[in-house]
1. For residues that are assigned to a loop (DSSP other than H, G, I, E, B) and among the small types (Gly, Ala, Ser), scanning just segment A:73-116, find the one that is surrounded by the most Cβ atoms within 10 Å (Cβ to Cβ).
2. Report, by residue number, each residue of segment A:230-271 that is of a type in the set (A, V, I, L, M), closer than 22 Å to A:Phe81 by Cα and buried (at least 21 other Cβ atoms within 10 Å of the Cβ).
3. Quick check: is even one residue across segment B:221-243 closer than 30 Å to A:Ile304 by Cβ, within 16 Å of ligand 3 (Cβ to nearest atom) and of a type in the set (Gly, Ala, Ser)?
4. Could you list all residues from segment A:238-282 that are among the basic types (Lys, Arg) and free of Cβ contacts under 8 Å to residues at least 60 places away in the same chain?
5. If we scan segment A:187-206, do we find a residue that is at the interface with another protein chain (Cβ under 9 Å from one of its Cβ atoms) and not in a helix (DSSP H, G or I)?
6. Of all residues in segment B:37-64 being away from ligand 3 (no atom under 16 Å from the Cβ) and in contact (Cβ under 8 Å) with a residue 24 or more places away in the chain, which is nearest to the chain's Cα centre (by Cα)?
7. Return the residues of segment B:81-120 that are of a type outside the set (A, V, I, L, M), surrounded by fewer than 23 Cβ atoms within 10 Å (Cβ to Cβ) and at the interface with chain A (Cβ under 8 Å from one of its Cβ atoms); say none if nothing qualifies.
8. Test A:Tyr235 against the criterion of being farther than 24 Å from A:Pro177 by Cβ, of a type in the set (Phe, Trp, Tyr) and touching a helix residue (DSSP H, G or I) at 6+ places or on another chain (Cβ under 9 Å), and give yes or no.
Amino acid sequence: MGRYIIKRIIAGLITMFVLTTVTFFLMHAIPGGPFSPAEERKVPKAVMEKVQEKYGLNDPVHIQYVNYLKNLAQGDFGISFKQTSVTVNELIEQGFPVSAKVGLIAIIVALLVGIPLGITSAIKRGKWADWLSMIIATVGISIPNFVLSVLLLFLFAVVLKILPTFGLTSWQHYILPVTCLAFSPIAYIARLMRSSMLEVMRYDYIRTARAKGVHELQVICKHALKNAIIPIVTYLGPLVAILLTGSFVIERIFSIPGIGRDFVSSISDRDYSVILGMTVFFGAFIVICNIIVDILYAVIDRRIKIDE
Amino acid sequence: MKLLQINNLKTTFHIEAGQVQAVRGISFHVDRGESVGIVGESGSGKSVSMLSIMRLLPENAKIDADRLTFDGTEIMDMDQKQMRRLHGNDIGMIFQDPMTSLNPLFTIGDQIMEPIRIHQKLSKSEAKKRAIEVLKMVEIPSPESRLNQYPHEFSGGMRQRVMIAIAISCNPKLLIADEPTTALDVTIQAQILDLMSDLKKKGNTSIVLITHDLGVVASMCSRIIVMYGGEIVEEGTTREVFYNPQHPYTWGLMRSMPKVTEGEKKKLIPIPGSPPDLLSPPKGCAFAARCEHAMKICTQMSPVPISLSESHRAACWLMHPKAAKVERGVGS
Ligand SMILES: Nc1ncnc2c1ncn2[C@@H]1O[C@H](COP(=O)(O)OP(=O)(O)OP(=O)(O)O)[C@@H](O)[C@H]1O
Ligand code: SF4
Ligand SMILES: [Mg+2]
């Protein structure tokens, strides 16, 4: 196990290096830069040169690259080109906890709602409870979350006026963004759980459990659930990575000062250091999530020998 | 009072194509302390009839019986709580495939201790003691350390021993063993059967043993039930069925039985043809299409079971007084 984790970390570092390199050169290969003047606000050439020099943009690209890696090795993502006197580290430190908090709540909600929904659906297969939850699930998967957020915002904040619209200042502020973020994962988890549960309930060991006189509730919540939950654990890796790193759409609509918003604006701004910094940060985060999921996997199912 | 009494049990599966009549009106009983063998080809309804008694069939199965009593109590009227007592405490069941019958994600100890804790209300440490005790009974070496292992760390034979240990852990009154050795290789088969004979000698447990192998029945059971196409075609003491078989299907089974004569195996003669379609079972005798003695009446009317002795009965028109006498095709 220990050796496996070390191996995975090394592999992760290599992935990160490749990711950084590719992003770095791609970014520089695209025409235009952070200080390419827009038509309307022409900057004097001399000023432009000075600015470029300050940020090291006049150096050859490979020198810039080496410098970037040097700083990166020390955990320094550099300073933002657009938001003067703000470092990328600061941007991440400010934005990530906000995004992560909303994301984490959404994940917990998604699991707490999706798993029981899927189980109920499987056990009441063909009954109204099954139909109802599968309708919710289908709707949840097919409606894009920007449509959902606008609808909910309109309904609860504008028409009914029972929930706030912007920011995250009270717990009520979390309700709408969390609902929107969790909706499609709930739907996905419920469907995954339903089909996995239906399959597991047919297995011989479920019959064995019943033949031992185990209470039906225990048959479902102990014997079947532990087996049926494995696909959910697999889905959890990417889900955590996506939700914790912030959703641009949701953060825009609900004015949440998260990291997703910064990331998207950095791309249109050609804010090199922010683009790179966040890409590297997200990459590292995804790598870590996947390692944790693999370990979790092996803890649940002892047949999996992750050392090999 | 019989331990298990079954009168006219019918089990039907509702599937898209129609109704599979897997068990079509069987009646038999099991006495206290006796062991009964059920034989018959694949698909004859052996497992389904036992699972019907345990009410462990999938939802699409419908069970109907005039009487289905265990120890005097009607099984079909039992509530959930009574059923749980029946399961594991009164009746222990061993399944056909040991590779899939244990939950892969729980330790062996956990799975053995589960029924012990449920039924005997023992504490964790007492349950553990009992688990070690039953593992010793089924001859699993170093049971203490094995308790913490997972099923994948056990071989097929070892897993079946664990299944037996689970089934006997609460001293059931009846042990149902559904082809306990089919999935295992020959030497392991012999070991498991020895083990079951030992258990039988030691305890006062009744056993229902389902098997394809008449030889196994002969060595373990005092009575034999022969099933074909969801019906019982012949039933009697082992002696009666072996020395005076009445039904052509039983003859066929005997002929297809591997015999070890003077150290060498004779060639098997399998029964030609295939079992009846249970979606629309034939009107007359279910075996008629494959029976070399079939008469006109056989395809028109079902034969009624006729008793030869208090324990021996069979359902075949050949036993009718008016039928011509035929050469019994059992061979010697
Ligand atoms: N869930 C089910 N749905 C539909 N038909 C079923 C179902 N389970 C069993 N059957 C049918 O019931 C019949 C009897 O099956 P059963 O399992 O009792 O046979 P068996 O005598 O135990 O055979 P084997 O020796 O192969 O175990 C078979 O024709 C089978 O196809
Ligand atoms: S009833 Fe007729 S067909 Fe059926 S076994 Fe007897 S002789 Fe053969
Ligand atoms: Mg069977």
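1. Looking at the filtered set, the residue picked out is A:Ser80.
2. Answer for segment A:230-271, where residues must be of a type in the set (A, V, I, L, M), closer than 22 Å to A:Phe81 by Cα and buried (at least 21 other Cβ atoms within 10 Å of the Cβ): just A:Ile259.
3. no
4. Answer for segment A:238-282, where residues must be among the basic types (Lys, Arg) and free of Cβ contacts under 8 Å to residues at least 60 places away in the same chain: just A:Arg252.
5. yes
6. Filtering segment B:37-64 for residues that are away from ligand 3 (no atom under 16 Å from the Cβ) and in contact (Cβ under 8 Å) with a residue 24 or more places away in the chain, the one nearest to the chain's Cα centre (by Cα) comes out as B:Arg55.
7. Of everything in segment B:81-120, those that are of a type outside the set (A, V, I, L, M), surrounded by fewer than 23 Cβ atoms within 10 Å (Cβ to Cβ) and at the interface with chain A (Cβ under 8 Å from one of its Cβ atoms) turn out to be B:Arg84, B:Arg85, B:Asn89, B:Asp97, B:Thr100, B:Pro104, B:Phe106, B:His119.
8. Judged against the criteria, A:Tyr235 is not a match.
The values are calculated or read from the model by the stated rules, or taken from the named source; none is laboratory data. Source: prediction; values computed, not measured. Because the Cβ atoms are built from the backbone with ideal geometry, glycine has one as well, and the counts that use them run over all protein chains shown.
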